[in-house]
1. Which residue, Gly36, Gly83, Gly69, has the most motion in a Gaussian network model of the chain that connects Cα atoms within less than 10 Å?
2. To the nearest 500 deg cm²/dmol, what mean residue ellipticity at 222 nm is calculated for the chain from DSSP H runs of n ≥ 4 alone, each contributing -39,500 (n - 2.57), summed and divided by the residues?
3. So for the chain, what are the equivalent ellipsoid semi-axes in whole Å, largest first, each being the square root of 5 times an eigenvalue of the Cα gyration tensor?
4. With +1 on each Lys and Arg Cβ and -1 on each Asp and Glu Cβ, and nothing else charged, work out how big the dipole of the chain is about its Cα centre, in Debye to the nearest 20.
5. Only Cα pairs within less than 10 Å get springs; with that Gaussian network setup on the chain, which residue of Trp40, Trp178, Trp23 has the largest fluctuation?
6. In the chain, carbon and sulfur make up what percent of the accessible area (probe 1.4 Å)?
7. Over the chain, with a Gaussian network built from C-alpha contacts below 10 Å, which listed residue (Asp157, Asp90, Asp174) shows the highest mean-square fluctuation?
8. For the chain, with every protein chain kept in place, what is the accessible area per residue (1.4 Å probe, Å²)?
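The values are calculated or read from the model by the stated rules, or taken from the named source; none is laboratory data. Model, not experiment: these values are computed from the prediction. Every residue, glycine among them, receives a Cβ derived from its backbone with ideal geometry; neighbour counts consider all protein chains shown. Areas reflect the complete protein model, heavy atoms only, side chains present, ligands, DNA and RNA absent. Shrake-Rupley method; radii C 1.70, N 1.55, O 1.52, S 1.80 Å.
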Amino acid sequence: MEDRQRLEEMVDRAIENNTPYAWFETLYESANQEEGKIPWAKLQPHPLLASWLQKYPREETGKTALVVGCGLGDDAEALAAQGFTVTAFDVSETAIAWCKQRFPQSKVTYQVADLFAPPENWHQGFDRVIETYTIQALPLALREQTMEAIANLVAPDGTLLIITQIRATEAEPDGPPWPLSLSELVHFQNIGLQEIQRESLGEENSALVAIEYRA
């Protein structure tokens with residue numbers, strides 16, 4: 001309960017200061033390299049990403065992949081192990097330094113970047129873009145802007161995989177996180193992506209889904 005309250009205070013302060021994603025750095029820095037203080041850090045690839053990777057044969061080697069909001073790097077490392085050429089970024093300098101410390105021999109290119117002001121050569125620059133929990137971690141006022149920024153990173157005929165919680169109603173949720181509604185997900189199709197597959201993480205937690213889109 002104390003950790004939850006601390007997180008909510010960080011988020012509220014960032015929103016009040018009109019820097020709605022500055023709290024990521026605050027959280028990582030205040031964790032003092034204690035992984036247990038990062039709510040989403042499980043020190044292993046997300047199970048839905050692991051399932052998705054099983055669908056890709058080894059001939060995917062050489063394809064480029066970008067991990068949005070990479071956190072402590074486990075998803076990025078799983079992609080690299082599968083043969084992808086991986087770039088992984090986070091807005092938090094502390095998170096990126098932490099990744100490099102955890103994986104000193106990594107083939108992943110870890111770097112600090114802002115989703116809303118990415119390097120110019122990232123525009124439509126990646127065969128596979130992976131987003132886990134980033135959209136839902138930002139306020140609803142940024143929802144469509146966040147989705148569009150992520151979609152703009154996918155190369156023509158490339159794919160986007162999002163892993164997120166889905167809320168059952170259209171009512172505005174309390175957050176963070178702010179799970180996506182089904183109507184909000186339609187925005188990906190409105191901006192030109194085509195849903196090609198969807199998977200839930202078990203019947204008991206069917207609100208957690210992985211959805212793959214093709215550009």
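1. It is Gly36.
2. It comes out at -9000 deg cm²/dmol, rounded to the nearest 500.
3. In descending order, the three semi-axes are 24, 22, 17 Å.
4. That gives the chain a dipole magnitude of about 640 debye.
5. Trp40
6. 46
7. With Cα springs under 10 Å in the chain, the top fluctuation among Asp157, Asp90, Asp174 is at Asp174.
8. 50
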